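Trainee: Supplied in structure tokens, the structure appears directly below.
The values are calculated or read from the model by the stated rules, or taken from the named source; none is laboratory data. A quick note: this is a predicted structure, and the numbers were derived from the prediction, not measured. All Cβ positions, even for glycine, are placed from backbone atoms using ideal geometry, and neighbour counts span all protein chains on display. Ligands, DNA and RNA are stripped out before the accessible areas are found, and what is left, the full protein with its side chains, is counted by its heavy atoms. Shrake-Rupley method; radii C 1.70, N 1.55, O 1.52, S 1.80 Å.
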Amino acid sequence: MNGADRLAEPLSRVLGARTAGGLAKLGLETVEDLLRHYPRRYGSPGERTDMSALAVGEHVTVMAEVRSTQVRSMRSRGGAMLEAIVTDGHDTLQLTFFAKRAGVLRMHESKLKPGSTGLFTGTVGDYRGRRQLTHPDYLIVGVDAADEAEAVLEASRPIPIYPAAAAVPTWRIGRSVRTVLDPLTEEDVPDPIPAAIRAERSLPTLLEALRAVHVPDAPSDWERGQDRLRFEEALVLQTALARRRAAREGLASTPRPPRDGGLVDALDASLPFTLTPAQETVGREIAASLAGATPMMRLLQGDVGAGKTVVALRAMLQVVDSGGQAALLAPTEVLAAQHLRSLEQLLGPLGHGGMLGGDARATRLTLLTGSQGSTVRRQALADAASGAAGIVVGTHALLSEGVQFADLGLVVVDEQHRFGVEQRDALRTRGDRPPHMLVMTATPIPRTVAMTVFGDLETSTLADRPPGRAETVTHIVPADNEAWLARTWQRVREEVDQGHRVYVVCPRIDADEPAVDGGAPPSDAADAGGDEPLVLEWEGDDAPSASVPLASVTETAAMLAARPEFAGIRIGRLHGRLPADAKEAAMAAFASGEAPVMVSTTVIEVGVDVPQATVMIVLDAERFGISQLHQLRGRVGRSTLAGLCLLVSRAEPGSVSRERLEALASTTDGFALAEKDLELRREGDVLGAAQSGGRHSLRLLRVVRDAALIEEARVVARDLVAADPLLETAPALASAISLWLGPEREDFLERG
Ligand code: ADP
Ligand code: MG
């Protein structure tokens, strides 16, 4: 059996069905899965959990010293019990075991020797005012050692603490790791880091690193092991990106140079405002890329309201000026329809191509969505295919459905910071002359993330906003404070009376449905790492419990309609399950002021532009992530009217959820929020689809903390790919990339 096979072996074969079954609950199927399940932190032998912090009902793992153990028979109930007292040196916790006969308890008694140290797992109970664990699972350090020397060594070793599950405690994972790790040899563990690079940087081999993190003799061991594994992750990622970049540079696309006196010039002359300096600069960058012979792949970042649409329109017109077509893709049909309207507005007669009275240079705009009637759709498809439509607006489905274009020169993707590797590749594989591509996002991506995930993209940033915009003020409203809530609804009335519009966003559509559009709270303290106390190994979510149902669109709309403040006000509803025409109608009634209050899910999260909207109320705000809330807030304060954003929440002061909301209330700077977001939540969520697809994704690498390392890996990867584009000299690196990308993405790479 060769090395790779060894790592790919199913755990059921190596460890037996029962153990493997438990590990499968953690998503661990193969030997490599288990070896890549690194300890989350390490206990030091002298360390003790602070017992005073344990709360009844919590499932905990504590590290403590055994103070006393006593077996007693119970006359009243029959049988016997063992009581052990463990301590952190100050407070105590009682461990209780029951059995029919005292003999059974002797086994525990012999392990739970006073003075020994162990890890104890169970749910904290309360017995006559004393906290206790009943039948806890436990590990006494050193007890299972083969001899005394090993016991001494074990007792002084850092104790790996694994991300665990209630059914599979950390030490059982540790034992399984030892079972698969101990017999492995260097030949069994191919190293993705080529030997020369390893030597240059004095890094241990993969096997050495795995031993160092799983079975460290001293803290310096696991630190060294982790450093190496972290570099490996950076290298795999950056090599994948370098290969992708190299592949793209090898492609040809049709140059679309600017044309004097064309549509771009005509538009510039007719705009009711002057472009900001940032719009000018970015416009020039894009114009130059479009004129080039390799496909542009550019990310345009600009906070909500920064004015990305006109930048995109100018790019699209440049392509039309040179004889091609452009497609603008939005994430939803509502947004696609809105984009069409705002492009029509910006273009005026320049968009009336082929019509009587149109400008001679004019082009034609076409909307193409799945819910169109068949006649309209057939015409739209024909216009795209014949080239009559210079600009086609639609949803992402437009690409996957294989709509035909006469000469597609540019694809603009709006409001999609998670526009992943797959979508980028789906475009690249269209025909032999891939279109240029511009991805726009209002979720600012910190430079480090851009480099990590979008390392194959060029980026442009609209840093300033058009002048004359009012600021939006944000407040947190405690959900249980009736007076505040009443004031909130009163405020809605006042705004409506002034002719303004108000959004009320809920995490659910109706009562009997899980949070759909809103999604789960991103906080995941169970994997936050760092210096949290050694308790709560797997129950870390601090979001308020589900005992209070989440606000839904249906119930909230009904509740508001019944309140006196809303007398005479029409309340609209919008959510993803409505048919497209109902969504359109709801948006139109809101925009016109006919229904000035809109209760909705996050379908209005991105891009919707209603200048008279002044108030954004988000119910159960802790259910949403920072960037989502920032997007929602961006729906108000879009004109000279000041905006107000109210985050209604039950999040407890001091919780991570509350901290997110406070971050939002403290700044409107999208970049500062994006950094805070990275700090507060697992970066995996931020990186999104780009790293979650493959099984072996980023585990140790943290894009903010490890920015320097990522940059180093990037240089190494570039050299590597330049010298050996197919990675023939580094097969283990090549297969690590395949694992990381997953089979589908690898397939795209092959085709690219
Ligand atoms: P976003 O970047 O969020 O997509 P939009 O492109 O929707 O922003 O622009 C927001 C508003 O600002 C629109 O009404 C647009 O017409 C207006 N706008 C864009 N550029 C300028 C500018 N240079 N001066 C004044 N208003 C502008
Ligand atoms: Mg926009």
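Trainee: So the check is Cβ under 6 Å with 6+ separation or different chains; which pairs have a first residue in the stretch 569-591 that's more than 21 Å from MET616 (Cβ to Cβ) and a second one that's open to solvent by 40 Å² or more (accessible area, probe 1.4 Å)?
Mentor: Going by the 6 Å Cβ cut-off, the qualifying pairs are ALA580/GLU333; ALA580/SER371.
Trainee: Can you name the condition, by its number, that GLU594 falls short on among (1) open to solvent by 40 Å² or more (accessible area, probe 1.4 Å); (2) modelled with pLDDT of 90 or more; (3) within 16 Å of ligand 1 (Cβ to nearest atom)?
Mentor: (3)
Trainee: Sticking with this structure for a sec: With (1) at positive phi; (2) surrounded by fewer than 21 Cβ atoms within 10 Å (Cβ to Cβ); (3) within 15 Å of ligand 1 (Cβ to nearest atom) as the list, and GLY654 as the residue in question, which single condition is left unmet?
Mentor: (3)
Trainee: Next question. Does VAL376 satisfy being over 23 Å from PHE273 (Cβ atoms) and surrounded by 20 or more Cβ atoms within 10 Å (Cβ to Cβ)?
Mentor: no
Trainee: Could you tell me which of the residues LEU263, LEU290 is among the hydrophobic types (A, V, I, L, M, F, W, C) and over 16 Å from VAL411 (Cα atoms)?
Mentor: On the way: LEU290 fails: over 16 Å from VAL411 (Cα atoms).
Residue meeting the stated conditions: LEU263.
Yes/no per residue for (1) more than 21 Å from the chain's Cα centre (by Cα); (2) at pLDDT 90 or above; (3) open to solvent by 30 Å² or more (accessible area, probe 1.4 Å):
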residue	(1), (2), (3)
VAL704	no, no, yes
LEU709	yes, no, yes
LEU727	yes, yes, no
ALA730	yes, yes, no
ALA734	yes, yes, no
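Trainee: Kindly indicate whether any position in the stretch 292-300 is outside the structural domain of ALA591 (by TED's automatic domain parsing) and more than 32 Å from the chain's Cα centre (by Cα).
Mentor: yes
Trainee: Given the condition open to solvent by less than 20 Å² (accessible area, probe 1.4 Å) and modelled with pLDDT under 90, answer yes or no: does some residue in the stretch 571-579 qualify?
Mentor: So in the stretch 571-579, the residues open to solvent by less than 20 Å² (accessible area, probe 1.4 Å) come out as 572, 574.
From the residues that got through so far, the ones that are modelled with pLDDT under 90 too are none.
No.
Trainee: Also, quick follow-up: With respect to the numbered conditions (1) modelled with pLDDT under 90; (2) within 23 Å of SER627 (Cβ to Cβ); (3) more than 10 Å from ligand 1 (Cβ to nearest atom); (4) outside any helix (DSSP H, G or I), which one is the sole condition not fulfilled by VAL334?
Mentor: Every condition holds for VAL334 apart from (4).
Trainee: Kindly provide the set of residues from the stretch 191-201 that are assigned to a loop (DSSP other than H, G, I, E, B) and open to solvent by less than 50 Å² (accessible area, probe 1.4 Å), ordered by number.
Mentor: As a first pass, look at the stretch 191-201 and keep what is assigned to a loop (DSSP other than H, G, I, E, B): 191-194, 201.
Once the filter is applied, which keeps residues that are assigned to a loop (DSSP other than H, G, I, E, B) and open to solvent by less than 50 Å² (accessible area, probe 1.4 Å), the stretch 191-201 yields ASP191, PRO192, ILE193, PRO194.
Per-residue answers, yes or no, for (1) within 16 Å of ligand 2 (Cβ to nearest atom); (2) on the phi > 0 side of the Ramachandran plot:
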{"site": "LEU550", "(1), (2)": "no, no"}
{"site": "VAL553", "(1), (2)": "no, no"}
{"site": "GLY568", "(1), (2)": "no, yes"}
{"site": "PRO579", "(1), (2)": "no, no"}
{"site": "LEU619", "(1), (2)": "no, no"}
{"site": "LEU632", "(1), (2)": "yes, no"}
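Trainee: Same structure, new question: Please go through the stretch 264-284 and give me each residue that is buried (at least 17 other Cβ atoms within 10 Å of the Cβ) and either free of Cβ contacts under 8 Å to residues at least 12 places away in the same chain or farther than 16 Å from LEU317 by Cβ (or both), ordered by number. Full working, then the answer.
Mentor: Filtering the stretch 264-284 for residues buried (at least 17 other Cβ atoms within 10 Å of the Cβ) gives 264, 266-267, 275-276, 278-279, 282-283.
Correct list: THR276, ALA278.
Trainee: Additional query: Here is a list of conditions, (1) more than 23 Å from the chain's Cα centre (by Cα); (2) outside any helix (DSSP H, G or I), and ALA591 meets all of them except one; can you say which number that is?
Mentor: (2)
Trainee: Right, next: (1) free of Cβ contacts under 8 Å to residues at least 40 places away in the same chain; (2) open to solvent by 30 Å² or more (accessible area, probe 1.4 Å): which one isn't true of ALA84, the others all being true?
Mentor: (2)
Trainee: If LEU340 satisfies all but one of (1) surrounded by 24 or more Cβ atoms within 10 Å (Cβ to Cβ); (2) in a helix (DSSP H, G or I); (3) among the hydrophobic types (A, V, I, L, M, F, W, C), what's the number of the condition it fails?
Mentor: Condition not satisfied by LEU340: (1).
Trainee: Of the residues in the stretch 387-408, how many are more than 17 Å from ARG256 (Cα to Cα) and either open to solvent by 20 Å² or more (accessible area, probe 1.4 Å) or at pLDDT below 90 (or both)?
Mentor: Matching residues across the stretch 387-408 total 11.
Trainee: Can I ask one more? Among the numbered criteria (1) closer than 30 Å to GLY373 by Cβ; (2) under 19 Å from the mean Cα position of the chain (by Cα); (3) charged (D, E, K, R), which single criterion is violated by GLU622?
Mentor: Only one criterion in (1) closer than 30 Å to GLY373 by Cβ; (2) under 19 Å from the mean Cα position of the chain (by Cα); (3) charged (D, E, K, R) is unmet by GLU622, namely (1).
Trainee: Okay, moving on. Being assigned to a strand (DSSP E or B) and either open to solvent by 20 Å² or more (accessible area, probe 1.4 Å) or among the β-branched types (Val, Ile, Thr) (or both) is the filter here, so list the residues in the stretch 600-643 that pass it. Quick ask: steps written out before the conclusion?
Mentor: So in the stretch 600-643, the residues assigned to a strand (DSSP E or B) come out as 600, 613-618, 643.
THR614, VAL615, ILE617, VAL618, listed by residue number.
Trainee: Looking at (1) farther than 23 Å from LEU119 by Cβ; (2) among the β-branched types (Val, Ile, Thr); (3) open to solvent by less than 40 Å² (accessible area, probe 1.4 Å), which one does VAL14 not meet, given that it meets all the others?
Mentor: Of (1) farther than 23 Å from LEU119 by Cβ; (2) among the β-branched types (Val, Ile, Thr); (3) open to solvent by less than 40 Å² (accessible area, probe 1.4 Å), only one is false for VAL14: (3).
Trainee: Go through the stretch 297-318 residue by residue and tally those that are away from ligand 1 (no atom under 14 Å from the Cβ) and surrounded by 24 or more Cβ atoms within 10 Å (Cβ to Cβ). Reasoning before the result, please.
Mentor: Taking the stretch 297-318 first, the residues away from ligand 1 (no atom under 14 Å from the Cβ) are 297-298, 317-318.
If we keep only those that are surrounded by 24 or more Cβ atoms within 10 Å (Cβ to Cβ) as well, we get 317-318.
The qualifying residues number 2.
Trainee: Tell me, which residue of the stretch 320-337 that is surrounded by 24 or more Cβ atoms within 10 Å (Cβ to Cβ) and over 31 Å from the mean Cα position of the chain (by Cα) is nearest to VAL603 (Cα to Cα)?
Mentor: GLN325
Trainee: A further question on this structure: Taking LYS113 and the conditions (1) more than 30 Å from GLU233 (Cα to Cα); (2) part of a loop (DSSP other than H, G, I, E, B); (3) open to solvent by less than 30 Å² (accessible area, probe 1.4 Å); (4) at pLDDT 85 or above, which numbered condition does it fall short on, given that it satisfies the others?
Mentor: (3)
Trainee: Turning to a different aspect of this structure: Give the stretch 287-331 a look and list any residue that's assigned to a helix (DSSP H, G or I) and away from ligand 2 (no atom under 16 Å from the Cβ), or say none. Walk me through how you get there before you give the answer.
Mentor: Residues of the stretch 287-331 that are assigned to a helix (DSSP H, G or I), as a first pass: 287-290, 308-321.
Hits for the stretch 287-331 are ALA287, ALA288, SER289, LEU290, LEU317, GLN318, VAL319, VAL320, ASP321.
Trainee: OK, next. Which of the residues spanning the stretch 617-651 are away from ligand 1 (no atom under 13 Å from the Cβ), among the small types (Gly, Ala, Ser) and either within 15 Å of VAL505 (Cβ to Cβ) or not assigned by TED's automatic domain parsing to the domain that holds TYR503 (or both)?
Mentor: ALA621, GLY625, SER627, GLY643, SER649
Trainee: Looking at this structure, is THR614 of a type in the set (Val, Ile, Thr), within 16 Å of ligand 1 (Cβ to nearest atom) and at pLDDT 85 or above? Working first, answer last.
Mentor: Details: of a type in the set (Val, Ile, Thr): yes; within 16 Å of ligand 1 (Cβ to nearest atom): yes; at pLDDT 85 or above: yes.
Considered against the rule, which asks whether it is of a type in the set (Val, Ile, Thr), within 16 Å of ligand 1 (Cβ to nearest atom) and at pLDDT 85 or above, THR614 comes out as yes.
Trainee: Of the conditions (1) of a type outside the set (D, E, K, R); (2) more than 28 Å from ASP706 (Cβ to Cβ); (3) at pLDDT 70 or above, GLY431 fails just one. Which one is it?
Mentor: Every listed condition holds for GLY431 apart from (3).
Trainee: Among the numbered criteria (1) more than 14 Å from ligand 1 (Cβ to nearest atom); (2) in contact with a strand residue (DSSP E or B) (Cβ under 8 Å, 6 or more places away or on another chain); (3) under 16 Å from GLY353 (Cβ atoms), which one does VAL264 miss?
Mentor: (2)
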